[in-house]
Amino acid sequence: MRRSWLLLLLLTVLVTSPARAEPQYQIEQMKDNVYRLTAGHYRSVFMVTDAGIFLTDPINDNAAAWLRDELDQRFSDTPIRYVAYSHNHFDHTYGGQEFAAEGVTFISHRLAREDLVRTRAETQIPDLVFDDTMSVYLGDSEVRMHYHGTNNGRGSVSMTFEPAGVLYVVDWIVLGRMPYKDLKGYDIHGMIDSTREVLNMDFDLLVGGHANAGTREDVEHYLGYLEALYAAVRDGMLQGKSLETLQEEIHLDDYSDLAIYEEWLPLNIAGVYRTLNDSSYMDMRSDLES
Ligand SMILES: [Zn+2]
């Protein structure tokens, strides 16, 4: 009887514990005039100059309202001048209307804007788009935005903050953690190509839209994982192996330090397998046994 009461108590604690609590909001100064906003599993960055504030992803309505209050308190004399979306996905771009006002310019890649319009996304639609690169100069700082081709979603770009040397990338580079589950919406080889391009750029600190910030070395480790994952799944498919066999056989132990490795490796494998069938028609190739 006593034991069952204890069990009931334990269950009650487990059920009511804050596993799904409100997202934790936080602002950290990452380097010089570049700050990171954390909202649960999501992150974005912003830059503060004498001439105004440059924001990136608002993340969602609640995060944006919280950020706006914080900016009002911390930098009350500094107006918000720009909001730039990293890509089209709603779970990073919602909340934009919180900052919509005279004198605030919203920016995204052309493809991200097109998608937000077509899908009737309920956030502020960008006023200004670009195709390859765009620089915004604000005070003594610059934000350089760069499109690297398809990688995740539509119109996903990197943003370099100078002179701080901070690079912001969302979803297609994740440091210290496995790429998300079964890679929904990802172009796996596009991620590899884009990450290779990033490693040819100048930066001291990479801040991701999820998980950790890190150095060039961390980005190299991440790229190594993507390349190894892609090669292992491709080679197995060339040998006619099923997804289930690949999920049993593929182990990438050099990367077992990445958070959620055990749980998400089979899902990552499934994602690459699906991508190779959808994009490269591996399942329709007459030279391969099915
Ligand atoms: Zn994301």
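Given the DSSP H assignment, sum -39500 (n - 2.57) over each helix run of at least 4 residues in the chain and divide by its residue total; what's the result at 222 nm in deg cm²/dmol, nearest 500?
-11500 deg cm²/dmol
Using only Cα atoms, find the angle between the long axis of helix 216-238 and the longest principal axis of the chain, and express it within 0 to 90 degrees, rounded to the nearest 10.
30 degrees
Suppose we keep just the DSSP beta bridges with both residues in the stretch 22-284; what percent of those would be antiparallel, to 5?
70 percent
Which value, in debye to the nearest 20, gives the size of the charge dipole of the stretch 36-170 about its Cα centre, when Lys and Arg are +1 and Asp and Glu are -1 at the Cβ?
Result for the stretch 36-170 is approximately 380 debye, rounded to the nearest 20.
If you look at just the Cα atoms of the chain, how large are its Rg and its Dmax in Å?
Both quantities, over Cα of the chain: 21.2, 70 Å.
Before anything else, pin down the relative contact order of the chain: Cα pairs under 8 Å, at least 6 apart, normalised by residue count, whole percent.
Relative CO of the chain lands at 13 percent.
Does anyone have the angle between helix 2-16 and the longest principal axis of the chain? Alpha-carbon axes, 0 to 90°, nearest 10?
So the helix axis and the longest Cα principal axis differ by about 50 degrees.
Starting from the Cα of LYS241, draw a straight line to each of the aspartates and glutamates and keep only those under 16 Å, dropping any in the same chain fewer than 8 residues away.
GLU249, ASP283, ASP287, GLU289
Treating only the Cβ atoms of Lys and Arg (+1) and Asp and Glu (-1) as charged, compute the dipole magnitude of the stretch 22-284 about its Cα centre; round to the nearest 20 debye.
520 debye
Angle between the Cα long axis of helix 61-74 and the longest principal axis of the chain, 0 to 90 degrees, nearest 10?
Tilt of helix 61-74: around 40 degrees.
Just want the ordering: LYS184, LYS31, from fewest to most Cβ atoms lying within 10 Å of their own Cβ.
LYS184, LYS31
Give a quick list of GluC sites (Glu not before Pro) in the stretch 100-188 that DSSP marks as loop, anything other than H, G, I, E or B, with at most 15 other Cβ atoms within 10 Å.
Taking the stretch 100-188 and a limit of 15 other Cβ atoms within 10 Å, the loop GluC sites (Glu not before Pro) found are GLU102, GLU122.
For the stretch 171-212 and the stretch 230-290, what is the separation of their C-alpha centers, rounded to whole Å?
So the separation of the two Cα centres works out to 19 Å.
None of the figures in this text is laboratory data; all of them are computed from the coordinates on show. These numbers come from a predicted model, not from an experiment. Heads up, the Cβs are rebuilt from the backbone with ideal geometry, glycines too, and the neighbour counts pull from every protein chain shown.
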